[in-house]
Structure formats: structure tokens, C-alpha cells
């Protein structure tokens with residue numbers, strides 16, 4: 001398998017963190033990682049568009065020669081084919097709750113947070129739009145409130161005692177937020193404690209370069 005990716009972009013980072021978590025659990029992962037330089041427009045070149053007509057990253061090339069082009073679908077596939085301990089529980093209710101938590105994080109926080117970054121200070125050079133950035137920053141706050149309450153009731157990770165896919169998703173997008181030199185977390189001690197603790201662990205610390 002080949003994973004086409006780019007450092008620090010949020011959706012590729014989500015998969016990178018997922019792989020780091022599985023490796024830390026003792027899983028052996030045989031994936032070649034290929035960097036696609038988005039700053040030089042390599043993701044819009046014909047070679048990459050043959051893999052993914054949308055020109056986005058990450059992309060996982062399967063042994064069959066087919067491609068998976070969405071980060072969560074890549075994680076689902078790797079959960080199924082990589083043997084060893086997994087991030088998603090096997091028990092149906094726990095599995096559904098873990099997936100629901102990840103979806104809440106993405107739909108209520110990280111989708112808007114990605115656009116907030118581009119309107120605030122786009123790494124791809126998109127035009128700034130302070131009014132739109134402010135609107136999105138406000139829309140994200142209820143999602144952060146949800147995570148704060150959720151962590152206060154359990155923890156130390158979003159799904160409980162062990163990291164899950166929701167942790168990978170939120171951590172990846174908060175790292176993307178740091179590119180703007182802004183902080184939208186507010187007065188949320190549980191969320192801030194989770195953020196610091198998650199990034200400080202040995203097997204992911206080097207991935208957070210900013």
C-alpha cells in the first residue's frame with residue numbers, strides 16, 4: 001500500500017496520528033508514504049488527479065491498484081486489514097458511540113475549523129476573509145462546549161481510557177488552527193488539558209512540528 005500525504009494538513013494528519021496510535025499499540029504497518037507537495041501544486045497535477053479527481057489528500061493506494069480518497073474511509077479500511085489492537089471497539093454499542101463521537105467532532109468543530117484557518121491565514125494562499133473567519137469561530141464554540149463536558153465526565157481521552165479516532169481528528173485540526181497563531185479554545189480546562197497531554201506523548205510528539 002501507498003499513502004499519498006502532506007505533513008500537517010489536517011486530514012492527512014488525522015491518518016498520520018491514527019497510524020502512530022496503531023504502531024504504539026504494537027501493530028506492524030507496511031505502508032509506503034509519499035509526500036505530495038501541495039505548496040507547489042503537485043496535488044493538482046495530472047499524476048495525482050488520476051488517483052483522486054478532487055485533488056485532495058490523503059489518498060491510499062490499495063494492493064488492487066484502486067484508491068481510497070477520504071481520510072475516515074482510509075482509517076476504516078486500515079482498521080479492517082491491519083491485525084492487532086484497534087482504535088475502534090468491537091462491541092456494537094461501543095463501536096457506534098465511538099463513531100458517533102468522531103462524527104460530532106468533525107461536523108460540529110473540524111469542518112468549520114478547516115475553513116476558519118483558510119479564511120484567517122490560508123497555507124494555500126487563499127484570500128483572507130476576517131468576517132467569515134469570525135462567523136466560523138463562533139459556530140465552533142458549541143462543539144468545543146460539547147467536548148469540554150464530555151471530557152469532564154470521563155477521559156483522559158475523548159472516548160475514555162484509550163485514544164480513539166475522535167482524538168486523532170480533533171488533534172489534527174487543532175494543530176491546523178495553530179498555523180493561524182490564534183486560539184479558539186477559550187476557558188475550557190478539560191479540553192486544554194487533553195490537548196496538551198495528547199500532543200506530549202512520545203509516539204506523537206514529533207508529529208506536531210509547530
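Would you mind stating whether residue 156 is in the same structural domain as residue 100 (by TED's automatic domain parsing), more than 19 Å from residue 11 (Cα to Cα), in contact with a helix residue (DSSP H, G or I) (Cβ under 7 Å, 6 or more places away or on another chain) and at pLDDT below 95? Taking the combined requirement at face value, the residue satisfies it.
Can you confirm whether residue 117 is assigned to a helix (DSSP H, G or I), over 14 Å from residue 183 (Cα atoms) and in contact (Cβ under 8 Å) with a residue 40 or more places away in the chain? Don't jump to the end; show me each part of the working.
Numbers: assigned to a helix (DSSP H, G or I): yes; over 14 Å from residue 183 (Cα atoms): no; in contact (Cβ under 8 Å) with a residue 40 or more places away in the chain: yes.
No, not satisfied.
Within segment 133-188, which residues are part of a loop (DSSP other than H, G, I, E, B) and under 16 Å from the mean Cα position of the chain (by Cα)?
Applying the first criterion (part of a loop (DSSP other than H, G, I, E, B)) to segment 133-188 yields 154-156, 158-159, 161-164, 179-188.
The answer is 158, 159, 163, 164, 179.
Examine segment 165-177 for a residue that is in contact (Cβ under 8 Å) with a residue 24 or more places away in the chain and surrounded by fewer than 19 Cβ atoms within 10 Å (Cβ to Cβ), and state whether such a residue exists. Within segment 165-177 (the criterion being in contact (Cβ under 8 Å) with a residue 24 or more places away in the chain and surrounded by fewer than 19 Cβ atoms within 10 Å (Cβ to Cβ)), the answer is no, since none of the residues qualifies.
Here's the yes/no breakdown for (1) in a loop (DSSP other than H, G, I, E, B); (2) within 19 Å of the chain's Cα centre (by Cα); (3) at pLDDT below 95:
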residue: 19; (1), (2), (3): no, yes, no
residue: 27; (1), (2), (3): yes, no, no
residue: 34; (1), (2), (3): no, yes, no
residue: 50; (1), (2), (3): no, no, no
residue: 57; (1), (2), (3): yes, yes, no
residue: 60; (1), (2), (3): no, yes, no
residue: 65; (1), (2), (3): yes, no, no
residue: 77; (1), (2), (3): no, yes, no
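Check off (1) surrounded by 15 or more Cβ atoms within 10 Å (Cβ to Cβ); (2) touching a strand residue (DSSP E or B) at 6+ places or on another chain (Cβ under 8 Å); (3) within 16 Å of residue 67 (Cα to Cα) for residue 55 and give me the number that stays unchecked. With respect to (1) surrounded by 15 or more Cβ atoms within 10 Å (Cβ to Cβ); (2) touching a strand residue (DSSP E or B) at 6+ places or on another chain (Cβ under 8 Å); (3) within 16 Å of residue 67 (Cα to Cα), residue 55 is out only on (2).
The values are calculated or read from the model by the stated rules, or taken from the named source; none is laboratory data. Note that the structure is a prediction, hence the values are computed from the model and not measured. Here Cβ is always computed from backbone atoms with ideal geometry, including for glycine, and neighbour counts include all displayed protein chains.
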